[in-house]
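Structure first, then comments.
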Amino acid sequence: MGQFYLNINFEETYEDLYLYTLNKECYECPYLLSYHGNGSIKNCMSKDPPNTVFSTDLKFRIATEHKEYFPQDQSSNVICDLDQSFGQFGIYNVNINESGCYVDVLVEPVNIYTPILTVILIYSALFSLIYGIFFLWRTRKTSEDSQAKKERIKSLDTFRGISIVVMIFANFGCGGYEFIDHAKWNGLHIADLVFPWFIWIMGACIPMSLTSSFKRKILNKELMANITKRSLKLFCLGIFLGSGSDLNFLRIFGVLQRFGVAYFTISTICIYCMDRAEIKEGNSYLADILKIWKGWIVVLSLLLVHTILIFTVAAPGCPKGYMGPGGLHKNRSHNHCVGGATGYIDELILGNHRYQNPTIWAIYEAKPFDPEGLLGCLTTIFHVFIGVQAGTTLIVYKNHSDRLIRWLSWAVFTGLIGGGLCGFSKEEGLIPVNKNLWSLSFVMVTSSLAFLMLSITYILVDMKKWWSGKPFLYAGMNAILMYIGHEMTDGHFPVRWYLHNYNSIQGDYRRTHFLALLSDVWGVSIWVLVAVYLYKINYFFSI
């Protein structure tokens, strides 16, 4: 996947030509000298021009000057820049002469999006057949589900199910599509939504759970014991699943660890700051906010601490307020400033116990960096509390329109703040949208989309009842089991499979988008079917 063949020809008038490459995702980075050809540094093009396979995420520069890093803004000694899009499996010929560079398409690239429709049709036919067989076998239908789940807000479970299904699909490889996969640094792709949505939904469920406990007169001491036990279980499960076995580089923080930290903190805040008096609906337009106003003061204080640290703390030789990836960024001027204050604080406290191979290494040549480190926990706590606000609205208001008006108002409010912080752009603005840093703009934008998504599912599932929420409803009711299970079964048949290719250049044995999508959707479908089965036998895994 993501490869094309490039042949470069040039006239003999050029004694020394050098090929440079730049990843399109590498913002304000220099071109890197390519050693394709005879492998030597000098005359790396003129003696043996490169006839080879390149990645489609690269753009090229051909120059007469030899250097390891060639700044983008340097125009001297540049023959040409090849900024055009080279498509997958295309074959291209570049001719260089005194008047410039000319690209000929020898073999047209393939359409990488065609497999999406093909795989949808294949699996739609397969699962329609399976469903038809089970439908014929089913002789009776009980009303057990409708009686047991009558009062449950199904839209929350459906929303959670959508999040965990997309999360598994992204972790399995998302069919090799970049627009689904996580953004390398700044920006927001589909896969970047699922973790913040999942943790936001956790926040929405906290006030509903605590309200039930308050009504049963459970003591704070007992509530704190249960919360602590659950948080420790999440943290320890996260270490087991993602920390590795090398004690010198044992990763302490991760996805479930952050769940544990945020759950413990927000639950504690809600226990001691939430107004337990029953508020009569309609007493105040801000009744849901007033119910947890003390909690807002606490989380806004934590957010203030985070903001101060971001803009005042800097590693030696690094500028304050820097939020870039370091490495090649800004022509290597901030080479050791990986993640700014976020990375530096993790380095001071966690040392080697950070994520050693972040995705930014392949783009910016920068590591180590932990996307689930310490400083991001503060904004994650704030993120979860925004979810608490959505759940409090459910408790206070029973009318559909009252709930929807408030959720959509929050969607607009948080969206405008997030957009303003990032300047409504990918790379500009005071605080860019960045999942790795869990930046404030990222919190606001993903929360805005979460309010919007909850409103849509609420209308379809709970208000109009146009959709039962299935099959995502099933996945949402066993989301933690699906997360743990897919992590442990990745790489094991029949959940995961691929067709081996010994000649793979990039080491991705799925080879094409069609095979990758076929394999990844299969893996997700297996876990959805597991969730359906667990629902049918009335088994719900909880921590």
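The values are calculated or read from the model by the stated rules, or taken from the named source; none is laboratory data. What you see is a predicted model; the values in this text were computed from it and never measured. Using ideal geometry, Cβ is built from the backbone for each residue, glycine included, and neighbour counts are taken over all protein chains shown. Ligands, DNA and RNA are excluded from the accessible area calculation, which covers all protein heavy atoms including side chains. Shrake-Rupley method; radii C 1.70, N 1.55, O 1.52, S 1.80 Å.
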Matching residues in the stretch 322-345 - criterion: being on the phi < 0 side of the Ramachandran plot, in contact (Cβ under 8 Å) with a residue 60 or more places away in the chain, in contact with a Gly (Cβ under 9 Å, 6 or more places away or on another chain) and open to solvent by less than 20 Å² (accessible area, probe 1.4 Å): 324, 325, 342
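Looking at residue 231, is it hydroxyl-bearing (Ser, Thr, Tyr), open to solvent by less than 80 Å² (accessible area, probe 1.4 Å) and assigned to a helix (DSSP H, G or I)?
Details: hydroxyl-bearing (Ser, Thr, Tyr): yes; open to solvent by less than 80 Å² (accessible area, probe 1.4 Å): yes; assigned to a helix (DSSP H, G or I): yes.
Spelling it out, residue 231 is indeed hydroxyl-bearing (Ser, Thr, Tyr), open to solvent by less than 80 Å² (accessible area, probe 1.4 Å) and assigned to a helix (DSSP H, G or I).
Return yes when residue 188 is of a type outside the set (Ser, Thr, Tyr), at pLDDT 90 or above, over 16 Å from the mean Cα position of the chain (by Cα) and open to solvent by 10 Å² or more (accessible area, probe 1.4 Å) and no when it is not.
No: the conditions fail for residue 188.
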Subset tally (residues that are outside any helix (DSSP H, G or I) and surrounded by 17 or more Cβ atoms within 10 Å (Cβ to Cβ)) for the stretch 520-542: 0
Residue 480 vs. criteria open to solvent by 30 Å² or more (accessible area, probe 1.4 Å), in a helix (DSSP H, G or I), in contact with a Lys or Arg (Cβ under 8 Å, 6 or more places away or on another chain) and under 30 Å from residue 538 (Cβ atoms): no
Condition broken by residue 206, with the remaining ones in (1) touching a residue at least 40 places away in the same chain (Cβ under 8 Å); (2) surrounded by fewer than 22 Cβ atoms within 10 Å (Cβ to Cβ) satisfied: (2)
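Yes or no, residue by residue, for (1) under 21 Å from the mean Cα position of the chain (by Cα); (2) in a helix (DSSP H, G or I); (3) polar (S, T, N, Q):
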{"site": "392", "(1), (2), (3)": "no, yes, yes"}
{"site": "427", "(1), (2), (3)": "yes, no, no"}
{"site": "444", "(1), (2), (3)": "yes, yes, no"}
{"site": "448", "(1), (2), (3)": "yes, yes, yes"}
Residues of the stretch 251-271 classified as over 21 Å from residue 489 (Cα atoms), at pLDDT below 95 and open to solvent by 30 Å² or more (accessible area, probe 1.4 Å), total: 1
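Residues checked against (1) buried (at least 21 other Cβ atoms within 10 Å of the Cβ); (2) touching a residue at least 40 places away in the same chain (Cβ under 8 Å):
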| site | (1), (2) |
| --- | --- |
| 360 | yes, yes |
| 365 | no, no |
| 370 | yes, yes |
| 373 | yes, yes |
| 378 | yes, yes |
| 381 | yes, yes |
| 391 | yes, yes |
| 401 | no, no |
| 404 | no, yes |
Hey, residue 395 open to solvent by 10 Å² or more (accessible area, probe 1.4 Å) and touching a Lys or Arg at 6+ places or on another chain (Cβ under 9 Å) or not: yes
Neighbours by Cβ (under 9 Å, 6+ apart or cross-chain): first from the stretch 307-321, in a helix (DSSP H, G or I); second of a type in the set (Ser, Thr, Tyr): 309/342; 310/342; 310/439
Residue check for residue 433: modelled with pLDDT under 95 and either among the small types (Gly, Ala, Ser) or in contact with a Ser or Thr (Cβ under 7 Å, 6 or more places away or on another chain) (or both): no
Some residue of the stretch 466-474 being modelled with pLDDT under 95, under 30 Å from residue 131 (Cα atoms), of a type in the set (D, E, K, R) and open to solvent by 20 Å² or more (accessible area, probe 1.4 Å): yes
Number of the condition not met by residue 120 [criteria: (1) assigned to a helix (DSSP H, G or I); (2) open to solvent by 70 Å² or more (accessible area, probe 1.4 Å); (3) in contact (Cβ under 8 Å) with a residue 40 or more places away in the chain]: (3)
